[in-house]
């Protein structure tokens, strides 16, 4: 549809628009650049933080490995000779990048594994290790060979934890460089490590070490600019961050972060040019496009204005020519109102200009032609072309004028009040039409005479036409057949059953590669080309068709080509029989379907076989298991489905990469195939899961024999591309058809047994039984009841008193959760806490426990008992929540409890997970007054280095160590001494005898807790206990 714009675009407005676009483009460029800069800085800061954690983890790993060497009995035994210790260290030395190892005695004399001897007593790392601290120092100049190295040192202790020397290792400085080599931003970005003295420890680009060291060396500070001085101060402050600076007249961006445990810092830097290169290219192209758009817009506006003036002039000239040429020219509004009427139109219609202007053109048309006018008008509205139509116009005297009109629609360039105008250009055909009418009348008379003459010849002509039609059909049929032979992708064959001769089209020889002389015309010779495995199916298809069992012949067969290769073809045909039902002829086509068959085979392989190992997938396993179950039911035998899961495979993938993980999976699949015979099926059912279908087992001992074979195979090492892997597996075994006849159920049962085996301890296996299923269902029902228990007020807190050891006065309570279930009775925490952690219910349950404990403490305060602490145990699931700290502080504020009376109890195993994040949360709690207690100390991963960094107030000695009192293996006095030496309160839990209590008094243990002194009791009984101790009646 045409659209009319009343306001026309002028060059002036085009220029104004261009200026606005330029302004917006500039603003967009500035904002894009600033946003890009911010993103680059954030990325560099995050990259440097990741790099710091990577280096820190690698350094910590090397120290742990060196510490494990120092802890070896041969190395830590003072009676073993120095030479034997060095030989043992050299034998166990597996530290990546280490040049040599050494032992330094208490006087600083050093002996190395490569026979060097020198004095090390003044080295910083030696002095720190001598004080019991693990230490890293570098770069230092080795006194063994004058090389720059990084030194790692750990204390050497005897079995009484006395320091008897220092074990240290020297690392090539390039070892640190290799760690950070892949850490960079962009093509020219680099990462480097520098210490507080400005010495470069490692650099991703060795050629830039001197430049970096020069700008961070304090002896050359006069060459620094202000930005670098500020940058160095920020980096050495130990706070991660990012900045920009000018280095060698080039603006750079940098992100930096400290490496914990060292005086090193890691930085990742890149030039502004590299960081913003792509966005500059995009903006340059956009600016070019905008400039071209502005130029085209200006040119279009000016040229359009010129064309409009030219068009008005040409229209005026055209109207003058029309008047001279005896042509009617009438201009109409869209509704048919006449706007103009040329001179010839006045003469032809006998109407004057004044009589018709502003009158309806439609009313001048004959009634039958008015519909034509509206159709033409609507058609012109949707197209830019003109339309020709014949319409009759009434003259003033009533006579009709037969006129051929050319109609077109334009917008008016002069009068803006008119939306569209219709130009009607007409030529008067009245005289010609009347002449044609006279001729037509005469022609009808002549036609009648001709009909009478032709009637006698009609029969002869019909026979002649029939003959020609038949002849043409024969010619057409022959041509179509020839074209179909030449143009078809299929070969055509025609077999005469009477003489057993076969005709093949040229396409057949093109498909097979033979020439006509290579193959005889007998149908038997065609059959000789079939693949032996396909002959039977082809003959059966022919027999069924000859007997009338199938409407058409249809079979697929492999046929030998000229080059002796077999290809797949599709043979189709139709038999022709005589009136007696005897076969006389058969014809059809041959299609090359080799590519289709190959494609189908590929699809089948992708659908039913694992792409990596080539093993059957779960679909194939399901099909074969179904058949095995049916056979087992018929024969009365049993079979097994074994599900094998590789232990800790994710850790291997994360450590070595998916490339080695995939290679290992291929090795494992080949190993499993070699164990079983062809009656069994090995399948890959998941990422690190395999399944083995053993369709027939005659006894339990045979099952055990198969399992032992698998376990023995996994006990061996696997050499994958030069890397040695030690792999274990956990297995679940499901029997059929006794336990189940359904594949999905069998797989579920095997998976259930496998998970149970993992919980028993890797590597292991478990055979699925109904009892095992009952245990799992019991856990499911218990978990379901657990969620309703909180709503039904089935939980209750018991409080076990904690006593000052020497005075036996109550100093606090530990809140202990109890579940009184209507269905299960009293359920101990050990039975339901792990379930709550698994399904996430521990979060609302833990919040409830914390709030109830705080309310109990506030009740004590209301009873004028305000000096007691309340301890609450916290789960790892609670601690890992991002809003854990906010929840604790919110409950404290909501209940009105002074946070200094609240103590959070955490086990070592909880803290060791995500230690860095947990430290941040615990420090925030300590800053807000909440105390922290380390529960079960000594039972888990106790490490003095961890303990020193933890913001704890109290150590809790585990009951396992308290039980050893009086048995000769007691170490409680050592734990008490360590805790108090570090400024911590120490409490012993599980005190159940007077012997234990008296021993703890003698060791100066601060507090005790246990059944010997007080059992856990409900809230009211706990208040009675403290009231009884204080000796007054509560409010």
Q) Separation between the residue 521 and residue 334 pseudo-spin-labels, each 7 Å from Cα along Cα→Cβ, expressed in nm? A) 7.8 nm
Q.
Normalised by the empirical 2.2 N^0.38 Å for globular proteins, what value does the Cα Rg of segment 76-172 take?
A. 0.98
Q. Using just the C-alpha positions of segment 616-768 as equal point scatterers, what log10 of I(q)/I(0) does the Debye formula give at each q in 0.10, 0.11 1/Å?
A. -0.34, -0.41
Q) What is the spread of the Cα atoms of segment 488-600 along each of their three principal axes, largest first, in whole Å? A) 44, 33, 28
Q.
For segment 790-1029, what does the convex hull of the Cα positions come to per residue, in cubic angstrom?
A. 133 Å³
Q. Rounded to a whole number, what is D in µm²/s for segment 558-703 from Stokes-Einstein with the Kirkwood radius over alpha-carbon pairs (37 °C, 0.692 mPa s)?
A. 167 µm²/s
Q. Which of (i) 117, 78, 66; (ii) 149, 93, 78; (iii) 177, 139, 77 is the computed Cα extents along the principal axes in Å for the structure on display?
A. (ii)
Q: Arrange the following residues from fewest to most other Cβ atoms within 10 Å of their Cβ: 621, 583.
A: 583, 621
Q) Which value at 222 nm does the chain reach when only helices count, each DSSP H run of 4 or more adding -39,500 (n - 2.57), with the total divided by all residues and rounded to the nearest 500 deg cm²/dmol? A) -15000 deg cm²/dmol
Q: Could you list 549, 868 in order of exposure, starting from the residue whose Cβ has the fewest other Cβ atoms within 10 Å?
A: 549, 868
Q: Please compute P(r) over all alpha-carbon pairs of segment 325-428, binned at 5 Å starting from zero, and give each bin as a whole-number percent.
A: 2, 13, 25, 28, 19, 9, 3, 0
Q: Would you mind telling me the antiparallel percentage of the DSSP bridges in segment 616-768, rounded to 5?
A: 90 percent
Q | Euclidean distance between Cα centres, segment 333-361 to segment 68-107, Å | A | 119 Å
**Q.** Relative contact order (%) - segment 488-600, alpha-carbon pairs under 8 angstrom, separation at least six
**A.** 28 percent
Q.
For 511, 673, which order do you get if you count the other beta carbons within 10 Å of each Cβ and list the fewest first?
A. 673, 511
Q. If you average the sequence gap of Cα pairs under 8 Å that are 6 or more apart and divide by the length of the chain, what percent do you get for the contact order?
A. 5 percent
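Read-outs throughout are calculated quantities, based only on the coordinates presented, and are distinct from any laboratory measurement. Keep in mind that what you see is a predicted model, and the values were worked out from it rather than measured. With ideal geometry, Cβ positions are generated from the backbone for all residues, glycine too; neighbour counts draw on all protein chains shown.
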